[in-house]
Amino acid sequence: MTGDSQSARAVRNARHWLWVVRPKYYLDDAGDERKDLEPSEGFTPTAWWTCSAETRAGDTALIYRSTEKKDIAYFAVVRSDPEPLDLPGDELHGKPACQYEILERFAKPIPWAVIKNDDVVSQWSAVKVRFVRSSFAVPH
């Protein structure tokens, strides 16, 4: 199989996710947007995010900022299959985490008010529970 055929198949099989993030992970200590969430010139292997155990490299994710911002502000691509976090004593210890790359920071993030009032999206079970979980598979 050629490289182009493999890439096309990977895109067709990719799953799409919504990752939910709390302010301590999208704001720095001064309350400003974290600089490491800006799109970069390429993939940094040290960037990881908690994800579903079903996530795979090549999947994509929209990132919803909970609590203060309440919006979808980023589009990312998953760069690794999940591995359990080795952070003894941390609340995230043992949870699956994937390496990722931010591809886009939206100039106009999509606010919760628009999400919950959209005729189609408002019917999604994740919206009905107000994104209370760390990740959701996005249906077709």
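The values are calculated or read from the model by the stated rules, or taken from the named source; none is laboratory data. As the structure is a computational prediction, the values presented were derived from the model and not from experiment. We place every Cβ from the backbone using ideal geometry, glycine too, and count neighbours over all the protein chains shown. When the accessible area is computed, the model is the full protein with side chains, heavy atoms only, and any ligands, DNA or RNA have been set aside. Shrake-Rupley method; radii C 1.70, N 1.55, O 1.52, S 1.80 Å.
Laid out as a table, the results:
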| read-out | value |
| --- | --- |
| Members of the range 82-140 that are of a type in the set (S, T, Y), at pLDDT below 90 and open to solvent by less than 60 Å² (accessible area, probe 1.4 Å) | S122, S134, S135 |
| Which numbered condition I72 fails, given (1) in contact with a helix residue (DSSP H, G or I) (Cβ under 8 Å, 6 or more places away or on another chain); (2) farther than 28 Å from N13 by Cβ | (2) |
| All positions within the range 19-50 that are β-branched (V, I, T) and crowded, with 16+ Cβ neighbours inside 10 Å | V20, V21, T50 |
| Any pair with Cβ under 6 angstrom, 6 or more apart, that starts in the range 107-130 at a residue that is within 14 Å of I72 (Cβ to Cβ) and in contact (Cβ under 8 Å) with a residue 24 or more places away in the chain and ends at one that is in a loop (DSSP other than H, G, I, E, B) and open to solvent by 60 Å² or more (accessible area, probe 1.4 Å) | W112/K70 |
| Qualifying residue in the range 64-81 (condition: within 18 Å of V21 (Cα to Cα), in contact with a Cys (Cβ under 8 Å, 6 or more places away or on another chain) and open to solvent by less than 60 Å² (accessible area, probe 1.4 Å)) | yes |
